[in-house]
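One structure below.
The values are calculated or read from the model by the stated rules, or taken from the named source; none is laboratory data. In this text the structure is predicted, and so the values were computed from the model without any measurement. Cβ atoms come from the backbone with ideal geometry, glycine included; neighbour counts cover every protein chain shown. To get the accessible areas, we keep the full protein, side chains included, count just its heavy atoms, and leave off ligands, DNA and RNA. Shrake-Rupley method; radii C 1.70, N 1.55, O 1.52, S 1.80 Å.
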Amino acid sequence: SEDERAFAQILARQCSLALERARLLEAEREARSEADAANEVKTQFLATMSHELRTPLNAIGGYAELLEMGIHGPVTDEQRVVLERIQRSQHHLLSLINNVLNLVKLDTHHVRFDIAPVSIESVLKFVSEMTGPLLEAKRMRFETRGCTSDLAVHADIEKLRQILLNLLSNAIKFTEEG
């Protein structure tokens, strides 16, 4: 009958839609599984790469420290200043690598912040020293005013340093010379 034929057509359309939805659901599950696997490989790579970079970086810091101590002969004041900059740069690079590890931890929900009182003056001094060569190359200067040694905030010192260093580096990069 006409009613049975209409019912059969509606039923066929509904079955067709149900099969299409099931196929799409399975495709979505496969895509999600592949994305999760790729994310896991990325996370593992970043963790391994970060770990492998730390070893030679720590050696660089150790050798600079030995030179600064005068193990291989006397060190001039100018050399000592350069060795201190090497060590600060080594510590900063180590901090960046630790930040990569923190991203991995963030990805796996294991991030940690070391909140403590932080001297603003010491952070600004660090940032100023790290950007000094960039400032000189573009004939610029960086000044801090009204920053007393007792001015402090509660923060993670490494993350605060990185934020301010990124801000100042970008300001230097995108500001015309002089």
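Go ahead and run the numbers for FRET between S119 and M69, Cβ-Cβ distance against an R0 of 22 Å, rounding to 0.05. List each step's numbers first, then the result.
Numbers: r = 26 Å, r/R0 = 1.20.
After rounding to 0.05, the efficiency reads 0.25.
Please compute the net charge surrounding N58, taking Lys and Arg as +1 and Asp and Glu as -1 over other residues with Cβ under 12 Å from its Cβ. Intermediate values should be presented prior to the final figure.
Details: positive: R54; negative: E52, E65.
Cβ neighbours under 12 Å give a net charge of -1.
Match the structure shown to one of the listed values (1) 1.35; (2) 1.80; (3) 1.41 of Cα Rg over 2.2 N^0.38 Å, computed from it, and give that label.
Checking each listed value against the structure points to (2).
Suppose R0 equals 22 Å. What FRET efficiency, 1/(1 + (r/R0)^6) with r the Cβ-Cβ distance, do N98 and N39 give to the nearest 0.05? Could you put the intermediate results ahead of the total?
On the way: r = 21 Å, r/R0 = 0.95.
That pair, N98 with N39, gives E of 0.60.
Name the long-range amide H neighbours of A155: under 5 Å, sequence gap of 5 or more, or other chain; modelled H, no Pro or chain starts.
Excluding prolines and chain starts, which carry no amide H, the hits are A116, V118.
Looking at region 20-58, which GluC sites (Glu not before Pro) are in a loop (DSSP not H, G, I, E or B) and have at most 15 other Cβ atoms within 10 Å? Can you show the working numbers first?
Values: sites: E20, E26, E28, E30, E34, E40, E52; in loops: none.
Within region 20-58, no GluC sites (Glu not before Pro) qualify (loop, at most 15 other Cβ atoms within 10 Å).
Loop-only check: which chymotrypsin sites (Phe, Trp or Tyr not before Pro) in region 87-178 are DSSP coil with at most 12 other Cβ within 10 angstrom?
Filter output for region 87-178: F113, F174.
Loop only by DSSP, 13 or fewer other Cβ within 10 Å of the Cβ. Give me the GluC sites (Glu not before Pro) in region 121-178 that pass, ordered by residue number. Could you put the intermediate results ahead of the total?
Details: sites: E121, E129, E136, E143, E158, E176, E177; in loops: E143, E176, E177.
Sparse-neighbourhood loop GluC sites (Glu not before Pro): E143, E176, E177.
Hey, if we sort K42, K159, K125 by accessible area with the 1.4 Å probe, largest down, what's the order?
On the way: K42 90, K159 45, K125 125 Å².
My answer, sorted largest first, is K125, K42, K159.
Highest mean first, how do 55-63, 8-16 rank when packing is the count of other Cβ atoms within 10 Å averaged over residues? If you can, show how the numbers build up before the last one.
Details: 55-63: 12.9, 8-16: 10.0.
Put in order of decreasing packing, that is 55-63, 8-16.
Put V127, V81 in order of accessible area, largest first, 1.4 Å probe: what do you get? Intermediate values should be presented prior to the final figure.
Values: V127 5, V81 70 Å².
So the residues, ranked largest to smallest area, are V81, V127.
Going 7 Å from the Cα of Q79 toward and past its Cβ, which residues in region 20-62 have a backbone nitrogen under 19 Å from where you end up?
The answer is 60-62.
Got a number for carbon plus sulfur as a percent of the chain's accessible area, 1.4 Å probe?
Values: 7850 of 13210 Å².
Result for the chain: 59 percent of the exposed heavy-atom area is carbon or sulfur.
In whole Å, what is the distance between the alpha-carbon centres of region 81-160 and region 41-79?
18
On average, how much accessible surface per residue is there in the chain, in Å², for a 1.4 Å probe, leaving out ligands, DNA and RNA?
Working: 13210 Å² over 178 residues.
In whole numbers, the chain has 74 Å² accessible per residue.
Using a cut-off of 11 Å between beta-carbons, work out the net charge of the residues near S149 (Lys and Arg +1, Asp and Glu -1, S149 not included).
Details: positive: K125; negative: E121, D150.
Result for the local shell: -1.
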